[in-house]
1. Residue check, ALA159 against (1) at pLDDT 90 or above; (2) part of a strand (DSSP E or B); (3) not acidic (Asp, Glu), all met but one. Which one?
2. Among the listed residues PRO152, PRO164, PRO115, PRO147, identify the single one that is crowded, with 19+ Cβ neighbours inside 10 Å and either within 22 Å of ALA94 (Cβ to Cβ) or of a type outside the set (A, V, I, L, M) (or both).
3. Please enumerate the residues belonging to the stretch 162-190 that are without any contact (Cβ under 8 Å) to a residue 12 or more places away in the chain and in contact with a Lys or Arg (Cβ under 9 Å, 6 or more places away or on another chain).
4. Return the residues of the stretch 50-94 that are at pLDDT below 75 and either part of a helix (DSSP H, G or I) or in contact with a Cys (Cβ under 7 Å, 6 or more places away or on another chain) (or both); say none if nothing qualifies.
5. Mind listing just one residue for me: the one in the stretch 192-210 that is at pLDDT below 65 and in a helix (DSSP H, G or I) and, of those, surrounded by the fewest Cβ atoms within 10 Å (Cβ to Cβ)?
Amino acid sequence: MPFSPLYLILFVLLIGMLLAFVQIGLLTVAVEKLGLSPSSAFTLLFASLFGSAINLPLFQIKAEHPPPDMVIPDALRRLLRPQMRAFTGKTVIAVNVGGCLIPLLFSYYLMRHNPIDLTEAALAITIVATVSHLTSRPIPGLGIGMPIFVGPVTAALTAILIAPQHSAALAYICGTLGVLIGADLLRLKDIRKMGTPIASIGGAGTFDGIFITGIVAVLLA
């Protein structure tokens, strides 16, 4: 779907903010902790950014309209996220490229290139997934909402306690995978009652979810 002028302006501002963050060194510190070169870091960041606009449909389920008193007004819904299609009683379950597939692949890369014990990684992911599930909530007509800093703070503290010598890599892994599992996969049962035409795993937008979680978790670790 074509972007509205408002979202095009926001996209340009987002690019500017990204470059500003790199200039002041925040993202540089994060990628150095993960052992990435500057070119690899920019490839990862821009792939995540542009991939966040791509949803790959998996299957379709029957869904219910949310109660009238739980429906978000149209004006507020357009402000939070563009309405791509009208709700017709069915919800398409999709997977987001930038918010799910790329974090999964990069987490696998970090596991292969860091001596992280699988048991420790599983424990860390379980902790973050549990906290994410408890703090996330279904938003009728939109998707799953979660306080933005709960995931990264939990991931950073968990990684420092479990594997302080590899805390940066483990923070990214358990932060991204934990939020994907706890706030997305374990919330699929709530999708039927939210009245949304499409529910994308990892797809609330990379920069308001998985991207923030991974980078901030690494910085805090």
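The values are calculated or read from the model by the stated rules, or taken from the named source; none is laboratory data. It should be emphasised that the depicted structure is a prediction, and the values quoted were computed from it without experimental measurement. FYI the Cβ positions are ideal-geometry reconstructions off the backbone, even for glycines, and counts take in every protein chain you see.
1. All conditions are met except number (2).
2. PRO152
3. Hits for the stretch 162-190: nothing passes.
4. Answer for the stretch 50-94, where residues must be at pLDDT below 75 and either part of a helix (DSSP H, G or I) or in contact with a Cys (Cβ under 7 Å, 6 or more places away or on another chain) (or both): PRO68, ASP69, MET70, ASP74, ALA75, LEU76, ARG77, ARG78, LEU79, LEU80.
5. My answer is ASP208.
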